[in-house]
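Asker: Let me begin by handing over the structure; questions about it come next.
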Amino acid sequence: MRHGKSKVAIIGAGNVGSSFAFALMISGLAREIVIIDKNEIRAKGESMDLTHGLSFVSPSKIYASGYEGCQDADIVVITAGAKQNPGQTRLDLVQANAEIFKNIVPRIIKYNKEAIILVVTNPVDILTYVTLKISSLPPNQVIGSGTVLDTSRFKYLISEHCGVDPRNVHAYIIGEHGDSELPVWSNANIGGMAFAKYCPTCNKHSYCGSNKELAELFEQVKTSAYKIIEAKGATYYAIALAMLKIVAAILRDENSILPVSTLVENYYGISDVCLSIPSVVNINGVTRFLRLELSDKEQKEFKHSADILKGIIKGIKF
């Protein structure tokens, strides 16, 4: 990592990639941002549009390139792939995007074997695993955006429900970034107070710690993306900010705890699959993960999520 000269390469100039590039430019985190897309004209157009705003932000170099632009990058972010259409699940995209990644990943590795690779394309857990296998990089170097966004949605909805600042809500969504993900209610807290104990003190609602209202709240988290896709065609603003948080944790060597998708080994007996668990993210990528104390119900749901992903991985040809 070249302190003060950080470079981020973005593969994919679609809605997610360009929104992230914009957020990254405003943040001032990267001194060099390169945009790579099979549609070279689109990549050039996005980079040109961004450069015209450089007089309003911190100095940086922004340009379009081929895969040679990955050289010397500290982080390579992959957003390219077939997008999720209305009515599709993230897992419906498996085969198409796995094939795309078989083309993308070797081209990244050709120019850079040292960068942290951040996978954002869906289904993110499967494609993080695919990237890991194709690249042969150590597990700490390959990270999926995982449930960082789902967790943010969860915290926001809890904050709305309880009438508090979402930054004071501490809770995780873990497992697959998709339909089998699960909320860790047993560890949720508000300002350090366990959620189950906070509820009786809340003046906004009657006690709902075991109420179906909580199940409905989580259902909103799980279906948020589908509703946004149906309404506007794609999700990109919030995921761009989630990506920015992950990239900041790496570039600033923050040791931030984020529920990114990472290769797990012997986590409640689960191994050889990428899914989201709270992990320490710093300049070296994922350095370790936290072993949450899950309830029996949560353990079963977590294993179910892992089994779904493992079943799909078996059908992919590397």
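Asker: Out of the residues in region 148-168 meeting the condition of being of a type in the set (S, T, N, Q) and more than 20 Å from the chain's Cα centre (by Cα), tell me which one is surrounded by the fewest Cβ atoms within 10 Å (Cβ to Cβ).
Answerer: For region 148-168, the residue satisfying everything is Asn168.
Asker: Another one. Against the condition within 20 Å of the chain's Cα centre (by Cα) and of a type in the set (A, V, I, L, M, F, W, C), how does Leu244 come out, does it pass?
Answerer: yes
Asker: Which of the following residues is touching a helix residue (DSSP H, G or I) at 6+ places or on another chain (Cβ under 6 Å), in contact (Cβ under 8 Å) with a residue 60 or more places away in the chain and of a type in the set (S, T, N, Q): Ser159, Ser145?
Answerer: One residue alone meets the criteria, Ser145.
To keep it simple, each residue is scored yes or no on (1) over 17 Å from Leu157 (Cβ atoms); (2) in contact with an Asp or Glu (Cβ under 9 Å, 6 or more places away or on another chain); (3) not aromatic (Phe, Trp, Tyr).
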| position | (1), (2), (3) |
| --- | --- |
| Tyr226 | no, no, no |
| Met243 | yes, no, yes |
| Ile246 | yes, no, yes |
| Ala249 | yes, no, yes |
| Thr262 | yes, no, yes |
| Asn266 | yes, no, yes |
| Asp272 | yes, yes, yes |
| Asn282 | yes, yes, yes |
| Arg288 | yes, no, yes |
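Asker: Being of a type in the set (Ser, Thr, Tyr), touching a Lys or Arg at 6+ places or on another chain (Cβ under 8 Å) and either modelled with pLDDT of 95 or more or surrounded by 14 or more Cβ atoms within 10 Å (Cβ to Cβ) (or both) narrows it down to one residue among Tyr63, Tyr67; which is it? Spell out how you get there, then give the answer.
Answerer: Working: Tyr63 fails: touching a Lys or Arg at 6+ places or on another chain (Cβ under 8 Å).
Unique residue meeting the criteria: Tyr67.
Asker: Inside region 275-307, can you point out the residues that are surrounded by 19 or more Cβ atoms within 10 Å (Cβ to Cβ), assigned to a helix (DSSP H, G or I) and of a type outside the set (Asp, Glu)?
Answerer: Selection gives Phe302, Ser305, Ala306.
Asker: With the structure loaded, tell me whether Cys274 is in contact with a Leu (Cβ under 9 Å, 6 or more places away or on another chain) and at pLDDT below 90 or whether it fails that test.
Answerer: So Cys274 fails the test.
Asker: Additional query: Kindly provide the set of residues from region 108-127 that are among the charged types (D, E, K, R) and either under 20 Å from Asp272 (Cα atoms) or surrounded by 24 or more Cβ atoms within 10 Å (Cβ to Cβ) (or both), ordered by number.
Answerer: Within region 108-127, just Asp125 meets the criteria.
Asker: Right, another one. Can you name the residue in region 1-34 that is of a type outside the set (A, V, I, L, M) and part of a strand (DSSP E or B) and, of all such residues, is nearest to Ile246 (Cα to Cα)? Write out each step before concluding.
Answerer: Of region 1-34, the ones of a type outside the set (A, V, I, L, M) are 2-7, 12, 14-15, 17-20, 22, 27-28, 31-32.
This time we only want the ones that are part of a strand (DSSP E or B), so: 7, 32.
Numbers: Lys7: 15, Glu32: 17 Å.
The residue in question is Lys7.
Asker: Could we say that Tyr67 is without any contact (Cβ under 8 Å) to a residue 60 or more places away in the chain and either touching a Cys at 6+ places or on another chain (Cβ under 6 Å) or assigned by TED's automatic domain parsing to the domain that holds His177 (or both) here?
Answerer: no
Asker: Is it true that Glu46 is farther than 24 Å from Lys232 by Cα, assigned by TED's automatic domain parsing to the domain that holds Ala82 and at pLDDT 95 or above?
Answerer: Against the criterion (farther than 24 Å from Lys232 by Cα, assigned by TED's automatic domain parsing to the domain that holds Ala82 and at pLDDT 95 or above), Glu46 does not qualify.
Asker: Sticking with this structure for a sec: With touching a residue at least 12 places away in the same chain (Cβ under 8 Å), buried (at least 20 other Cβ atoms within 10 Å of the Cβ) and part of a strand (DSSP E or B) as the only criterion, which of Val77, Val130, Val105 stands out?
Answerer: Matching residue, one of Val77, Val130, Val105: Val77.
Here is a yes/no grid of residues against (1) within 17 Å of the chain's Cα centre (by Cα); (2) under 21 Å from Ile283 (Cα atoms):
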residue: Asn85; (1), (2): no, no
residue: Leu93; (1), (2): yes, no
residue: Ile109; (1), (2): no, yes
residue: Lys113; (1), (2): no, yes
residue: Pro123; (1), (2): yes, no
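Asker: Specify the residue that is nearest to the chain's Cα centre (by Cα); the eligible residues are those in region 35-74 that are charged (D, E, K, R), under 28 Å from Gly146 (Cβ atoms) and not in a loop (DSSP other than H, G, I, E, B).
Answerer: Glu46
The values are calculated or read from the model by the stated rules, or taken from the named source; none is laboratory data. Bear in mind that the values here come from a model prediction, so they are computed numbers and not experimental data. All Cβ positions, glycine included, derive from the backbone under ideal geometry; neighbour counts span all protein chains shown.
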